[in-house]
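Structure record follows, encoded as structure tokens.
The values are calculated or read from the model by the stated rules, or taken from the named source; none is laboratory data. What you see is a predicted model; the values in this text were computed from it and never measured. Positions of Cβ are backbone-derived with ideal geometry, glycine not excepted, and every protein chain shown enters the neighbour counts. Ligands, DNA and RNA are excluded from the accessible area calculation, which covers all protein heavy atoms including side chains. Shrake-Rupley method; radii C 1.70, N 1.55, O 1.52, S 1.80 Å.
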Amino acid sequence: SSMIAICFFGVNASGIGKWNTRVFAKSDKFTTLSTSAELYPGDIIVRNGHVVMFLYYTNAAKTQMMILEQGGGEYGINTVSCSMRGVAYYRDGGYTIRRCCYYDASPDAE
């Protein structure tokens, strides 16, 4: 989640360390979209303990997508990676789609 926060707000933003998956999932700085919504680059897909950033669809049917995530597909690896995943993996896995509507990094800012 810290890497996704840096993508939105930059490394020197005030309050950057307060961003975690729970904040991404509930912050009013993001709006929640329906699971059938068309994703835009920069949308986040979040579930407690995991957040990824949507980059683009990889097929015309929009069933596969490229995502950016911290940790990647290997347990215990703390790197940043791009992965191609099926949209259904997140839709059926209890994830929430959220879109940023503010650019202040502090979760407490009004």
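Quick notes on this one:
- Of all the criteria given as (1) farther than 11 Å from residue 98 by Cβ; (2) within 15 Å of the chain's Cα centre (by Cα), the one not satisfied by residue 42 is (1).
Conditions (1) without any contact (Cβ under 8 Å) to a residue 12 or more places away in the chain; (2) among the polar types (S, T, N, Q), marked per residue:
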{"residue": "2", "(1), (2)": "no, yes"}
{"residue": "36", "(1), (2)": "yes, yes"}
{"residue": "64", "(1), (2)": "no, yes"}
{"residue": "70", "(1), (2)": "no, yes"}
{"residue": "84", "(1), (2)": "no, no"}
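- Selection status of residue 37, aliphatic (A, V, I, L, M), open to solvent by less than 50 Å² (accessible area, probe 1.4 Å), part of a loop (DSSP other than H, G, I, E, B) and under 15 Å from residue 99 (Cβ atoms): yes
- The C-beta contact set for region 4-27 (first residue on the phi > 0 side of the Ramachandran plot, second residue assigned to a loop (DSSP other than H, G, I, E, B), distance under 7 angstrom, 6+ apart or interchain) comprises 15/105; 15/106; 15/107; 15/108.
- Residues considered: 98, 85. Of these, the only one that is basic (Lys, Arg), modelled with pLDDT of 90 or more and open to solvent by 40 Å² or more (accessible area, probe 1.4 Å) is 85.
- Tallying residues that are open to solvent by 50 Å² or more (accessible area, probe 1.4 Å), among the aromatic types (Phe, Trp, Tyr) and part of a strand (DSSP E or B) within region 40-56 yields 1.
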